[in-house]
Structure formats: C-alpha cells, structure tokens
Amino acid sequence: MVRETRLSPDNLIHPLFVCPGRDVVRPVPSMPGVAQMSVDKVVAEARAIHKSGVPAVILFGIPERKDALGSEAWNDDGEVQRAIREIKERVPGLVVITDVCMCEYTDHGHCGAIKGGDVDNDATLELLSREALSHARAGADIVAPSDMMDGRVGAIRAALDQNGFSDLAIMAYSAKFASAFYGPFRDAAESAPQFGDRRSYQMDPPNGDEALREVALDLEEGADIVMVKPALPYLDLIWRVKNEFKVPVAAYNVSGEYSMIRAAGINGWIDEERAILEVLTSIRRAGADLILTYFAKEVAKML
Ligand code: PBG
C-alpha cells in the first residue's frame, strides 16, 4: 500500500530487429532470448507483445544491402517500412516507434556519411530526414533518432512538418553515451563501426552537465520525449533530466545491461526474475516514464 514506485507494462517499449527473408528467426548469440526476425515473424511477435500488455515496439532494420550512404534506410519497401505497414494493419493499437540512424545501413557502420575519415554532421542531417520521412509514410507513430548528430531533431521536425506529418512525435536519444554496453546490440544489428569508434558523436561518460545541454537543445528543436542511454550507469542523469525539464523521459536498458542479467541468470548466479524487476524498478524510481528493454514482454507477464 505504501509502495512509492510502480512498474507497469504501460511503461515498457520492446525492441525488435527486422531482417530480410521469410520465416527467419536468427538468434543473437550474445543476447539469449533475442533474435533477428523477418517481417512475418516480427508481426507475430508484435502481436504477442501487444497481448502481453506492452503498448509499444521500437524497430531496428538489418538491410539486405549496405552502402557508404546507407541508402536502404529510406527505401519505402525496406524491411522496417514493410514491418511498420504490416504491424499497423494487423496489430492495430500497438504503438510503432522506429529507430532513425544510419549505422545499420552503412557499409562502414558509422551513424552518418563519412568525409575525411570522420562522420560529416551536416551532410548526415539530410539522410536522417529522408529515413524519418520514409518511416512516417509507412505509418510509424513515433520516430526516434539515435545517431547523436547536432541539429538532427530540428531537421527531422522540419521535414516531417513540411510533408504533412506535423502530428508525428519525436523521441530523441538525447543523452546517448559512447558506452561499452552496446556491444551485444552491434551483433544483433550488425552495426559495429568498421574503423574508429563513435566517440566523436556519442557522449563522454563522465559528462553530466553536458547531458543536460544536449537534452535542452533537443527540446528546443522539437523533441517530444527525451532519452537517456544506457540506463543503469546513468541513473543520476535520468533523475536530473526529469527534475530539470519535467518532460516525458525514456531510458534505454541497453543490450549489455540485458546480457549481463541473462548470463548470470543462465548460470544460476542470480535470481533472474527478481533482478530484472529490481533493475527496471530502479530506472522508474530514478524518474524514467518509459523504459526500452528486451525484457518487456517477459516482464509484462511477470507483472
Ligand atoms: C544505433 C543504436 C545503437 C543502440 C540503439 N540504436 C547502437 C550504437 O549506438 O552503437 C544500442 C542499443 C542497445 O545496446 O541495446 N545508433
């Protein structure tokens, strides 16, 4: 009766990886329980997620072909675009969010166009806008830019507004750190950078004030929901962002955070179910309204 923090399926967003083909379920070795799935399988999984009580999914695409600019990202017949259309048609009521980024689509694995050995921020804004628009045309409810280019929320907002999508919301990965905890995801999304790292565009882990400045910029540019990522090593920033801005805050309980609990659970080293609930509750207690987590469907069932 006196419990202060509640964890509910309503707070959760389930990530899904969409790959080419039919009838494909390709388990991700470093993320037991997570698989890449072709559109038909993704739709079935989306239905199960919706049935569990989780209100939203976020889609990541693994394209058939990659190139220097990541042009499959704005192919209206791409994996993600087809998955959006199918889910909206067959699982009405489920909120479809899309990750907007180039790293899954570029052959070099970076989150934007390359010039002189580094990502060209401003040239990338145009590519991200094309991708977001393509997701909007397919029927996405929310687009979620995760690239960390400066000015991308404003650019995407303008592109959406000019093309009749002024009602479409933006969930910005605002305070996204250059983290070791994305390792398993890069297996899942086949998006590891082929040279260098992401430290010229993702944030330096010691910087908390800078995270607040990044959030302020994204809100000015039109973000509706802001995100802190990863969640557990940055609980203080979830708290600070929520208290400073009083806007909807999402936190990404990322792949490495997932795999640590899974691995310990599989080995019998911790009580997995209790650990999952404790971790997700701590993220809520820190101030997150929404949690992106690979545990979402499972947790909804526990709850
Ligand atoms: C794309 C992106 C990443 C994640 C979400 N979107 C990886 C990265 O920046 O390398 C990570 C999610 C996770 O680890 O679960 N830029």
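The values are calculated or read from the model by the stated rules, or taken from the named source; none is laboratory data. Bear in mind that the values here come from a model prediction, so they are computed numbers and not experimental data. Positions of Cβ are generated from backbone atoms using ideal geometry, with glycine treated the same way; all protein chains shown enter the neighbour counts. Just so you know, the surface numbers come from the protein's heavy atoms only, side chains and all, with ligands and any DNA or RNA stripped out. Shrake-Rupley method; radii C 1.70, N 1.55, O 1.52, S 1.80 Å.
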So Ser191, is it open to solvent by less than 20 Å² (accessible area, probe 1.4 Å), outside any strand (DSSP E or B) and either among the small types (Gly, Ala, Ser) or free of Cβ contacts under 8 Å to residues at least 24 places away in the same chain (or both): yes
Yes or no: Ala169 within 24 Å of Ile238 (Cα to Cα), surrounded by fewer than 23 Cβ atoms within 10 Å (Cβ to Cβ), more than 10 Å from the ligand (Cβ to nearest atom) and not acidic (Asp, Glu)? yes
I'm trying to understand the selection: among the residues of segment 128-155, which are among the hydrophobic types (A, V, I, L, M, F, W, C) and either closer than 21 Å to Ala175 by Cα or part of a loop (DSSP other than H, G, I, E, B) (or both)? Leu128, Ala132, Ala140, Ile142, Val143, Ala144, Met148, Met149, Val153, Ala155
Would you check if Met102 is assigned to a loop (DSSP other than H, G, I, E, B), among the aliphatic types (A, V, I, L, M) and touching a Phe, Trp or Tyr at 6+ places or on another chain (Cβ under 8 Å)? no
Between a residue in segment 203-223 that is more than 15 Å from Lys246 (Cα to Cα) and any residue that is open to solvent by 50 Å² or more (accessible area, probe 1.4 Å) and among the basic types (Lys, Arg), which pairs come within a Cβ distance under 7 Å, given they are 6 or more apart or on different chains? Gly208/Arg240
Could you tell me which residue of segment 74-98 is surrounded by the fewest Cβ atoms within 10 Å (Cβ to Cβ), considering only residues that are under 14 Å from Ala189 (Cβ atoms) and touching a His at 6+ places or on another chain (Cβ under 9 Å)? Thr98
Please verify whether segment 272-288 includes one or more residues that are out of contact with any Ser or Thr (no Cβ under 8 Å at 6 or more places or on another chain), within 12 Å of the ligand (Cβ to nearest atom) and open to solvent by less than 70 Å² (accessible area, probe 1.4 Å). no
Go over the candidates Gly112, Gly196, Gly116, Gly183 one by one and state the one that is crowded, with 22+ Cβ neighbours inside 10 Å and either at positive phi or among the small types (Gly, Ala, Ser) (or both). Gly112
If you go through segment 201-211 one residue at a time, do you hit one that is more than 15 Å from the chain's Cα centre (by Cα), closer than 12 Å to Cys111 by Cβ and within 16 Å of the ligand (Cβ to nearest atom)? yes
Could you tell me which of the residues Asp23, Asp76 is in a loop (DSSP other than H, G, I, E, B) and either free of Cβ contacts under 8 Å to residues at least 24 places away in the same chain or within 17 Å of the chain's Cα centre (by Cα) (or both)? Asp23
Can you tell me which residue within segment 236-271, out of those that are open to solvent by 40 Å² or more (accessible area, probe 1.4 Å), touching a residue at least 40 places away in the same chain (Cβ under 8 Å) and touching a Gly at 6+ places or on another chain (Cβ under 9 Å), is farthest from the ligand (Cβ to nearest atom)? Asn243
Output the number of residues of segment 40-69 satisfying the condition of being closer than 26 Å to His108 by Cβ, in contact (Cβ under 8 Å) with a residue 12 or more places away in the chain and more than 16 Å from the chain's Cα centre (by Cα). 6
